[in-house]
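Worksheet for the structure shown next.
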Amino acid sequence: MCGIVGYIGPRQATNVVFKGLKRLEYRGYDSAGIATIQKGQITIRRDEGKLSNLESMLVESPMNGHVAIGHTRWATHGRPSQRNAHPHTDENKIVAVIQNGIVENFISLKNQLIAEGHVFTSDTDTEVIVHLIDKFLHEGNSFVEACRLTFRKIRGANAIVTLNEAEPNKIVAARIGNAGGITIGVGEDEMFLASDMPAILEHTRKMIFMEDGDMVVMTTNGVEFSDLAGEPISKSITEIAWDPVSAEKGKYRHFMQKEIAEQARSLTDTIGTRVDFETGQISLPELNISATAAKNISRIISVACGTSSYACLVGKFMIEQLARIPVEVDYASEFRYRDPVIDNDTVLLAISQSGETADTLQAMNEAKKRGAKLVSIVNVIGSAVQRISDGIILMHTGPEIGVASTKAFTSSLLDQLLFAMKLGQARGTLSNEMSVELAQAILALPDQAGYILNKDENYEEIANVFHDREHFLYLGRGINYPIALEGALKLKEISYIHAEGYPAGEMKHGPIALIDEMMPVVAIVLQDNVYEKMISQIEQVKARSGIVISVCNEGDERIAQLSDYVLSIPKSHQLLMPILATLPLQRLAYQLAVRRGCDVDQPRNLAKSVTVE
Ligand code: AGP
């Protein structure tokens, strides 16, 4: 999705904004640009392609000014090009605008503005915003009121940031709907603004999160919030614990490599102080579900997208086993259009790393309208998902920058285990003995994760042998079937190899026709309740000259004999082994993508947070 950065203060604004955009590169984009007010005039540099193109333009013709707004564009309307890159200006170049989202009524507005004599120079929906502001300015409104009138006229979910050369001492912005957040950073006699905190974390940790319908006027003296009707709004400042270093790659080649490697730390942070390892008791103070309310939950519907939806599938096993509550899992994009049956005893569990995924937010709104209680497992503090939830369980992994989700996925599995235990303890379906057993397994988890992540296994050899294969099949069963889905998604989204995750029991109903020596099969075969079933699957694959790469428990000679390659993990409780089994699949996908020379952190066509439908 688009990245947004703004600055007003004593420093060279273009430099601050450009550096902020660099930190947002992971979001995925196809063009970039910056506007400033230089010698009293709106001045813009923008280009198609990577930020390096914009950097060359800025070196060639620098821009000086103390206020600037910058944008990395992920095209929705109008192909990636210089003319469609943001910022956009009106024909008189007195206002500049950047935007994230979609102006759903832009065609009617554009036709009306053209009829009134406005001249458009791009194919974007964004451009109607700047012409509307220009129109309202010429009708005698102040800049702030011209913006407010504009924000009320456009439809759709948008984050909009504007400059006016006649008022160089301010930035005006608004958040309408859930098209990606706007966070205000409060500095000493300077102010920052960004679509994501990593862009401005190095300057300040004092953040103000804008909500749907908020408008802000930002100057070096501070910020004034109001709603679109013009009524003042008071907002609180949140002190963010994330340090800028954690948003840096450090010694790693890719953010994804760093985030895979740091899962012993991120799982430790997810556990935090939530588990009493002696009694097994779980505390989730922000969950906001009383013991009585927990007893009255009739059903949980879990919704998410992509990797997070596979986490929901794992959580279903945990919650049904420990809390004995039926769990339905739905893709968020499907849920909202299936006229779901929901009552006041239904809990909707949403999982989202970014907390800004449009489909997930819409599903939550749909469920809320029908009376459900909203619980979310989310990573980004201050995100829309967090703010519209009745109860939350934070992932606490720190910034996840790589487009492919890794540490957030394993933490969302752990958070669901804590959620399941909390509900089970409240409902009396989870015994103290089992609570203690699980707590002890949780206690060992980070160390086991670190052991797996530091093991010198044959990832490079596997990548060298199979990097040119066109298809992979991932097989899992029971609670590890979703891990097969996740392993396949990791591979396809960063290496562009076609990979399919499949329930192993379904092989004989069709996919076995695919088996041959050209398509490696990754099988998750752990010593659990479906171990023997999985062994027969491997045997069926081998009987058809298939290649088997097994994720199995350490020391399992039987699997080692049957497999061509083995990636092993230590044993743990059956409900925790999916977390451990995920790690070798992340490392395998990473190694194959690197061997194929892929852009691991910014895979083609992908965005870190999909804030449009
Ligand atoms: C995961 O590797 C993908 N980048 C994608 O499937 C992602 O999980 C999905 O878009 C949901 O994102 P969220 O967790 O931020 O809502």
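The values are calculated or read from the model by the stated rules, or taken from the named source; none is laboratory data. Everything quoted here is computed from the prediction, not taken from an experiment. Because the Cβ atoms are built from the backbone with ideal geometry, glycine has one as well, and the counts that use them run over all protein chains shown. With ligands, DNA and RNA removed, areas are computed over all heavy atoms of the protein, side chains included. Shrake-Rupley method; radii C 1.70, N 1.55, O 1.52, S 1.80 Å.
A cut-off of 5 Å between modelled amide H atoms, ignoring neighbours fewer than 5 places along the same chain, links Gly402 with Met256.
The phi torsions of segment 551-556, fed into the Karplus equation with coefficients 6.51, -1.76 and 1.60 and a -60° offset, translate into couplings of 9, 9, 7, 4, x, 7 Hz, rounded to whole numbers, with Gly and Pro shown as x. Local charge for Leu592 was computed over the other residues whose Cβ lies under 11 Å away, with Lys and Arg +1 and Asp and Glu -1, and equals +4.
Taken as Cα centroids, segment 203-278 and segment 522-571 sit 42 Å apart, rounded to the nearest whole angstrom. Be a star and scan segment 580-613 for residues whose amide nitrogen sits under 15 Å from the point 7 Å along the Cα-to-Cβ vector of Asp468. Only 595-597 fall inside the zone, counting backbone N under 15 Å.
For Ala293, what is the net charge nearby, where nearby means another residue's Cβ is under 13 Å from its Cβ and Lys, Arg count +1, Asp, Glu -1? Overall, the nearby charge balance is +2. Surface calculation, 1.4 Å probe, protein heavy atoms: Ser333 sits at approximately 50 Å² accessible. In this structure segment 1-144 gives 37 Å² per residue of accessible area when probed at 1.4 Å with all protein chains present.
Across all Cα atoms of segment 446-596, the radius of gyration (one decimal) and Dmax (whole number) stand at 13.8, 41 Å.
With +1 on the Cβ of every Lys and Arg and -1 on the Cβ of every Asp and Glu, and nothing else charged, how large is the dipole of the chain about its Cα centre, in debye rounded to the nearest 20? Present the calculation step by step, with values, prior to reporting the outcome.
Working: 60 positive and 76 negative charges, 50 e Å.
Roughly 240 debye for the chain.
Between Gln281 and Lys39, full extension at 0.36 nm per residue minus the direct alpha carbon distance yields a gain of 80.8 nm. Placing unit charges on the Cβ atoms of the charged side chains and taking the dipole of segment 458-613 about its Cα centre, the candidate lying farthest along the positive direction among Ile524, Tyr502, Ala560 is Tyr502.
How much accessible area per residue does segment 364-507 have, in Å², with a 1.4 Å probe? List each step's numbers first, then the result.
Numbers: 4350 Å² over 144 residues.
Here the per-residue accessible area is 30 Å².
Listed values for segment 317-329 are Karplus-derived 3J(HN,Hα) couplings in whole Hz (6.51 cos²θ - 1.76 cosθ + 1.60, θ = phi - 60°), namely 4, 5, 6, 5, 6, 8, 10, 6, 10, x, 10, 9, 10, and x replaces Gly and Pro.
The sum of -39500 (n - 2.57) across all DSSP H runs of n ≥ 4, divided by the residue count of the chain, sets its helix-only mean residue ellipticity at 222 nm to -11000 deg cm²/dmol.
So, with a 1.4 angstrom probe, what is the percent of accessible area on segment 289-345 that is carbon and sulfur? Exposed carbon and sulfur together represent 49 percent of the surface. Accessible area per residue (1.4 Å probe, heavy atoms of protein chains only) ranks Ser550, Ser234, Ser308 as Ser234, Ser308, Ser550, with the largest value leading.
The length gained on full extension between Arg11 and Glu231, counted as 0.36 nm times the residue separation minus their Cα-Cα distance, comes to 76.0 nm.
What part of the accessible area of segment 1-112, given as a whole %, is carbon or sulfur when the probe is 1.4 angstrom?
Working: 2090 of 4140 Å².
So the carbon and sulfur contribution to the accessible surface is 50 percent.
Excluding Pro87 itself, what net charge comes from residues whose Cβ is under 13 Å from its Cβ, given Lys and Arg +1 and Asp and Glu -1? Once positives and negatives cancel, what remains is +1.
Quick one: pull the percentage of alpha-carbon pairs in segment 188-231 with a separation above 18 Å.
Details: 310 of 946 pairs.
Distances greater than 18 Å cover 33 percent of the Cα pairs.
Sort the following peptides by mean Cβ neighbour count (other Cβ atoms within 10 Å, averaged over residues), highest first: 508-519, 394-405, 577-588, 555-566.
Details: 508-519: 13.2, 394-405: 23.9, 577-588: 25.7, 555-566: 16.1.
Top of the packing list down: 577-588, 394-405, 555-566, 508-519.
Each of Ile171, Gln537, Gln425 was placed along the dipole of the chain (beta-carbon charges, centred on the mean Cα), and the one lying farthest toward the positive end is Ile171.
Counting only protein heavy atoms and using a 1.4 Å probe, the accessible area of Lys19 comes to about 100 Å².
Seen against the Cα atoms of the chain and their longest principal axis, helix 106-115 is set at about 20 degrees.
Histogrammed with a bin width of 10 Å, the alpha carbon distances of segment 127-182 distribute as 25, 56, 18, 1 percent, first bin at zero. Accessible surface ranking for Thr238, Thr162, 1.4 angstrom probe, highest first: Thr238, Thr162.
Basic side chains Lys and Arg get +1 at the Cβ, acidic Asp and Glu get -1 at the Cβ, and with that the dipole of segment 306-348 about its Cα centre reaches some 160 debye. Within the chain, DSSP assigns beta bridges of which about 60% are antiparallel (rounded to the nearest 5).
Once you have the Cα-Cα distance between Ala560 and Ser545, take 0.36 nm times their residue separation minus that, and quote the gain in nm to one decimal.
On the way: separation 15, 0.36 × 15 = 5.40 nm, distance 1.66 nm.
Using 0.36 nm per residue and subtracting the Cα-Cα distance, I get 3.7 nm.
Taking label points 7 Å from Cα along the Cα-to-Cβ direction, Glu461 and Glu334 give a separation of 4.0 nm. Using the 1.4 Å probe convention, the accessible area of segment 150-210 works out to 26 Å² per residue with neighbouring protein chains retained.
In order along segment 418-427, the Karplus-derived 3J(HN,Hα) couplings, from 6.51 cos²θ - 1.76 cosθ + 1.60 at θ = phi - 60°, round to 4, 4, 5, 5, 4, 5, x, 5, 6, 8 Hz, and Gly and Pro are given as x. Note on Met318: accessible area is roughly 0 Å² with a 1.4 Å probe, heavy atoms of protein only. About its Cα centre, segment 35-150 has a charge dipole of approximately 240 debye under the convention of +1 per Lys or Arg Cβ and -1 per Asp or Glu Cβ, with nothing else charged. In the chain, the convex hull through the Cα atoms has an average projected area of 27.8 nm², a quarter of its surface area.
Positive end of the dipole of the chain (Cβ unit charges, origin at the Cα centre): among Val216, Thr204, Ala264, the Cα lying farthest that way belongs to Val216.
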